[in-house]
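**Q** Below is a structure I'd like to ask you about.
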Amino acid sequence: MGMELETVKALITGGSSGIGFETARQLALKGARVAICGRDAAKLRRAADDIGAFAVEADVAREEHAVRMVADVAEAFGGFNVLVNNAGFGHFAPLVETSLADMQRVYATNVFGAMLVARESAKHFIAAGTAGNIINIASTAGQRGFAGGTAYASSKFALSGLTECWRAELRKHNIRVMQINPSEVQTAFFRGRPFSERKLRAEEIAHAILAMLSMDDRGFTAEMSVWATNPE
């Protein structure tokens, strides 16, 4: 018997749009309790109202926000058992046009923010003494670099390394650390770029996340890559 999705109490970062919002929506439809965070208060409130989620205005790149957010969700839900580390953004430019500030902005959210929220969530899971789940949303860009990907691709390579370290540390606490690598998804992340309708949607990535969570917690899918079948 798998993990019953109605028992999920999830914190989803970057949950006001795209993959985060769709994952929250699908979990809520299955009866889960869901908290979403974001930096834009109005957008966050609209998203939370749409699906009946608990909204937490927070910037994961700020340590005090990450600490407060995890504490607020744990208090609101009487504990939680799933973190989806989804908050992230990209900067794409050739190496010779990439500034240190560009790198720092991307890493602040994609790497340091993911670490902060995972750290606080892991502390909660360990203290509660119950099974926990951390799902990091990485990217196929973190499996193979490409021209213009200095900041973004390297941040996803870094997240993959963090996933492996946390998995090695946390398995003994019955905490599953998993990773999803989407290829290009039709979300606001790529706003302004033309897209084939055959590319992935947020729905496919949310489906993969729910499938990972649904497995009985005696096992777990360590990593899953999701590609469009025929993107053209």
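**Q** Please go through the stretch 207-232 and give me each residue that is in a loop (DSSP other than H, G, I, E, B) and surrounded by 13 or more Cβ atoms within 10 Å (Cβ to Cβ), ordered by number. Working first, answer last.
**A** From the stretch 207-232, those in a loop (DSSP other than H, G, I, E, B) are 215-222, 227-232; that's our starting set.
Of everything in the stretch 207-232, those that are in a loop (DSSP other than H, G, I, E, B) and surrounded by 13 or more Cβ atoms within 10 Å (Cβ to Cβ) turn out to be M215, D217, F220, T221, A222, W227, A228, P231.
**Q** So how many residues does the stretch 79-99 have that are in contact (Cβ under 8 Å) with a residue 60 or more places away in the chain and over 18 Å from E4 (Cα atoms)? Break it down stepwise before answering.
**A** If we filter the stretch 79-99 for residues that are in contact (Cβ under 8 Å) with a residue 60 or more places away in the chain, which is where we start, we get 79-92.
Filter again for over 18 Å from E4 (Cα atoms), leaving 85-92.
Counting residues in the stretch 79-99 that are in contact (Cβ under 8 Å) with a residue 60 or more places away in the chain and over 18 Å from E4 (Cα atoms) gives 8.
**Q** Look at the stretch 21-53 and say how many of its residues are out of contact with any Lys or Arg (no Cβ under 7 Å at 6 or more places or on another chain) and part of a helix (DSSP H, G or I).
**A** Counting residues in the stretch 21-53 that are out of contact with any Lys or Arg (no Cβ under 7 Å at 6 or more places or on another chain) and part of a helix (DSSP H, G or I) gives 19.
Here's the yes/no breakdown for (1) out of contact with any Asp or Glu (no Cβ under 9 Å at 6 or more places or on another chain); (2) of a type in the set (V, I, T); (3) crowded, with 17+ Cβ neighbours inside 10 Å:
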site: G149; (1), (2), (3): yes, no, yes
site: A153; (1), (2), (3): yes, no, yes
site: F157; (1), (2), (3): yes, no, yes
site: G161; (1), (2), (3): yes, no, no
site: C165; (1), (2), (3): yes, no, no
site: L170; (1), (2), (3): yes, no, yes
site: I175; (1), (2), (3): no, yes, yes
site: I180; (1), (2), (3): no, yes, yes
site: V185; (1), (2), (3): no, yes, yes
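**Q** Kindly indicate whether V185 is modelled with pLDDT of 95 or more, of a type in the set (A, V, I, L, M) and within 16 Å of the chain's Cα centre (by Cα).
**A** When the stated conditions are applied, V185 does not pass them.
**Q** Could I ask something else about it? For residues in the stretch 42-65 being hydrophobic (A, V, I, L, M, F, W, C) and over 13 Å from G15 (Cβ atoms), which is surrounded by the most Cβ atoms within 10 Å (Cβ to Cβ)?
**A** The residue in question is A61.
**Q** Of the numbered conditions (1) closer than 15 Å to I175 by Cβ; (2) surrounded by fewer than 24 Cβ atoms within 10 Å (Cβ to Cβ), V84 fails exactly one; give the number of that condition.
**A** Result: V84 fails condition (2) only.
The values are calculated or read from the model by the stated rules, or taken from the named source; none is laboratory data. Please read these numbers as outputs of a predicted model, since none were measured by experiment. Glycine also receives a Cβ, built like all others from the backbone with ideal geometry; neighbour counts cover every protein chain displayed.
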